[in-house]
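Taking it in order: structure first as structure tokens, then the write-up.
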Amino acid sequence: MNAKVTTSTLAKMKKDGVKITAMTAYDAPFARIFDESGIDMILVGDSLGMVIQGGTSTLHVTMEEMLYHTRIVAGACKRAMVVGDMPFMSYQISVEDAVRNAGRFLKETGASAVKLEGGASVCDRIKAMASAGIPVQAHIGLTPQSVHQMGGFKVQRDEERLMNDAKAVEDAGAFSVVLEGIPSNIAEAVTRALRIPTIGIGAGAACDGQILVMHDMLGINQGHIPKFVKKYVNLGEEARNGVKAFIAEVQGGSFPASEHCY
Ligand code: KIV
């Protein structure tokens, strides 16, 4: 087995120009498959509110739900760094609340880092968590927990604000930053300006790494698929075909056959 991926591994990958690969996961079987395939980072995203729970946003996801899924994923990974995503209202109310909740991810799940959304406005949280020894990944640009404030899931184009947010989270002590839904040229400028690795999703090819939501890239999601997603396989279609074949064989009497019987 290769050594566990740490914040130092990721810093070295940026320095050496080696691209970082990341995916979301929410359960043990998929986490194990991604880890064994060589993915560097697994984010247990609060996107689970949409892709697992079927909601239209991430706002309703609770700390207990995040801790449950993160514990399952961390338990299944040997090499990948596991990052727990801090849900809406787990870090916005106060710095004290933010550190306490971030600490729960490390103490109760086996994750080695947390992620939170926001730039300059959450730097006091990032500083306090980093001082407590908690590695923090920031997330700027299209931040889904601010969907109502942004007026929908919209690409963010304010270059000055994005650059300021990126530098602010780096200065506050974040070890990495997710850039979501921003034009490629801005993501490239931010990536060049930072010492810490940028992980892009809908932010072009110049980021230090890329992340995709597993249900999008594996073809499990059947609804709207954003432009930035590439579907690498169509597991949804495969599953549908498998279930249809099972129904037909049970109804036709060819399953179970003698080899499936005791
Ligand atoms: O919740 C999530 O899955 C995320 C990724 C899309 C970066 O924040």
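Counting only residues that are in a strand (DSSP E or B) and either out of contact with any Phe, Trp or Tyr (no Cβ under 9 Å at 6 or more places or on another chain) or free of Cβ contacts under 8 Å to residues at least 60 places away in the same chain (or both), how many does segment 137-158 have?
Qualifying residue count, segment 137-158: 4.
Is it the case that some residue within segment 190-198 is open to solvent by 10 Å² or more (accessible area, probe 1.4 Å), in contact with a Gly (Cβ under 6 Å, 6 or more places away or on another chain) and more than 21 Å from residue 122 (Cα to Cα)?
Scanning segment 190-198 turns up no residue that is open to solvent by 10 Å² or more (accessible area, probe 1.4 Å), in contact with a Gly (Cβ under 6 Å, 6 or more places away or on another chain) and more than 21 Å from residue 122 (Cα to Cα).
Among the residues of segment 230-242, is any modelled with pLDDT under 95 and exposed (fewer than 11 other Cβ atoms within 10 Å of the Cβ)?
No: segment 230-242 contains no residue that is modelled with pLDDT under 95 and exposed (fewer than 11 other Cβ atoms within 10 Å of the Cβ).
Answer yes if at least one residue in segment 119-127 is open to solvent by less than 60 Å² (accessible area, probe 1.4 Å), among the small types (Gly, Ala, Ser) and closer than 22 Å to residue 228 by Cα, and no otherwise.
no
Looking at this structure, is residue 33 within 21 Å of residue 210 (Cα to Cα), open to solvent by 10 Å² or more (accessible area, probe 1.4 Å), within 13 Å of the chain's Cα centre (by Cα) and not basic (Lys, Arg)?
no
Please go through segment 166-203 and pick out each residue that is out of contact with any strand residue (DSSP E or B) (no Cβ under 9 Å at 6 or more places or on another chain), over 22 Å from residue 147 (Cβ atoms) and not small (Gly, Ala, Ser).
167, 171, 185, 188, 192, 195
If I filter segment 191-210 for residues that are modelled with pLDDT of 95 or more, of a type in the set (Ser, Thr, Tyr) and not in a strand (DSSP E or B), do I get at least one hit?
Yes, there is a match, as at least one residue in segment 191-210 is modelled with pLDDT of 95 or more, of a type in the set (Ser, Thr, Tyr) and not in a strand (DSSP E or B).
The values are calculated or read from the model by the stated rules, or taken from the named source; none is laboratory data. Source: prediction; values computed, not measured. When we count neighbours, we look across all protein chains shown, and the Cβ atoms used for this are built from the backbone with ideal geometry, even at glycine. Note: areas computed on protein heavy atoms with side chains; ligands, DNA, RNA excluded. Shrake-Rupley method; radii C 1.70, N 1.55, O 1.52, S 1.80 Å.
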